[in-house]
1. Could you work out how much longer the chain between LEU208 and SER39 gets when fully extended? Use 0.36 nm per residue separation minus the Cα distance between them, nm to one decimal.
2. Need one number: nm distance between label points at SER48 and ALA168, each 7 Å from Cα along Cα→Cβ, rounded to one decimal.
3. Step by step: find N for the chain, compute 2.2 N^0.38 Å, then divide the Cα radius of gyration by it. What's the final number?
4. Once you place label points 7 Å from the Cα toward the Cβ at SER67 and ARG232, how far apart are they in nm?
5. Stretch SER2-ALA131 to full length: gain in nm at 0.36 nm per residue minus the Cα-Cα span?
6. What is the distance in Å between the Cα centroid of the stretch 75-113 and that of the stretch 118-166?
7. Which angle between 0 and 90 degrees, to the nearest 10, do you get for helix 198-207 versus the longest principal axis of the chain when only C-alpha atoms count?
8. With a/c under 1.5 counting as rounded, go ahead and sort the stretch 124-243 into rounded, prolate or oblate using the C-alpha gyration tensor (a ≥ b ≥ c being the square roots of the eigenvalues; past the cut-off, prolate if a/b is larger than b/c, else oblate).
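The numbers here are math on the coordinates, done by the rules we state, and not lab data. As the structure is a prediction and not an experimental result, all values here were calculated from the model. Here the Cβ positions follow ideal geometry from the backbone for every residue, glycine too, while neighbour counts run over all protein chains shown.
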Amino acid sequence: MSRLSNRNAIVTGAGAGIGRAIAVRLAAEGARVVVNDLSPKAADETASQISAAGGTALAIEGDVSSSQGIERAFALCEESWGHCGLLVNNAGIVQQVPFREMNAGDWDRMIAVHLRGCFLGCRRAIASMLAAGEGVIVNIASQLGQIGGVELVHYSAAKAGIIGLTKALAREVSGAGVRVNAVAPGPVNTELVRALSPDWREAKAADLPLGRFGEPQDVAATVAFLASDDARTYVGQTLGPNCGDVML
Ligand SMILES: NC(=O)c1ccc[n+]([C@@H]2O[C@H](COP(=O)([O-])OP(=O)(O)OC[C@H]3O[C@@H](n4cnc5c(N)ncnc54)[C@H](O)[C@@H]3O)[C@@H](O)[C@H]2O)c1
């Protein structure tokens, strides 16, 4: 597969889980990938995995909720390979807390990592994409941004915000050659979901039409599609690899 040859990509939060699977898949399809993560060790591991498989990747530590963290990834990409034509805003955290116990710090942190991180990434990417007349952005939302999650008010709000951001930005820049879309996975087997309560996970899996959670590779396949020219008519969409939980 070489749908993404000669593409320079940045994947945030690619040191584990879904982000790692996305980075590996994009590299397998020919992209050069900058692997961002809060954990330098995790980012290095993903980049090494890609290199060992014959792909091209560079690792960089950075917090997506800060402009400097985002800038470091773009600087590495541009200095090493040139224009970043593909950005995947994936980095995320989760915290399950009843709303009445949620404090402003919990709220601010959740919004900062997801929604501010997505905004900062898009803003940094967009100028050079518009100048180049081409580019693709894929934002990782969640089906909880569509239906809400119990004890996940801040997470659900952040993910709904990402879906709104995606639609509005797509309207603004698609005419100039930049495609922006979102992916809203259902539960996926990663550390993030393993941090939620076992009771919730058991009940949730039983309730899914497929009867099981997805795997990171399922989300990565959706991202690779959206990143490729196969998705050239997809603009401002939110695709749902969600095992049938949400049907729109
Ligand atoms: N796992 C699921 O069921 C699921 C479902 C829907 C959406 N998502 C979304 O998918 C994305 C990836 O989730 P995952 O399940 O792979 O999580 P994960 O916890 O397995 O991996 C997340 C990665 O992001 C990194 N990270 C966290 N905060 C960061 C920051 N501020 N800057 C840079 N990196 C940071 C972590 O170090 C980690 O390597 C998240 O946005 C999440 O909300 C996950």
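1. Once the chain is fully extended between LEU208 and SER39, it gains 57.6 nm.
2. 4.2
3. Details: Rg = 16.9 Å, N = 248, 2.2 N^0.38 = 17.9 Å.
So the chain has a normalised radius of gyration of 0.94.
4. 3.7
5. Additional length available on full extension: 43.9 nm.
6. The distance from the Cα centre of the stretch 75-113 to that of the stretch 118-166 comes to 10 Å.
7. With both axes taken from Cα atoms, the answer is about 80 degrees.
8. Values: a/c = 2.76, a/b = 1.97, b/c = 1.40.
Prolate, since a/c reaches 1.5 and a/b exceeds b/c.
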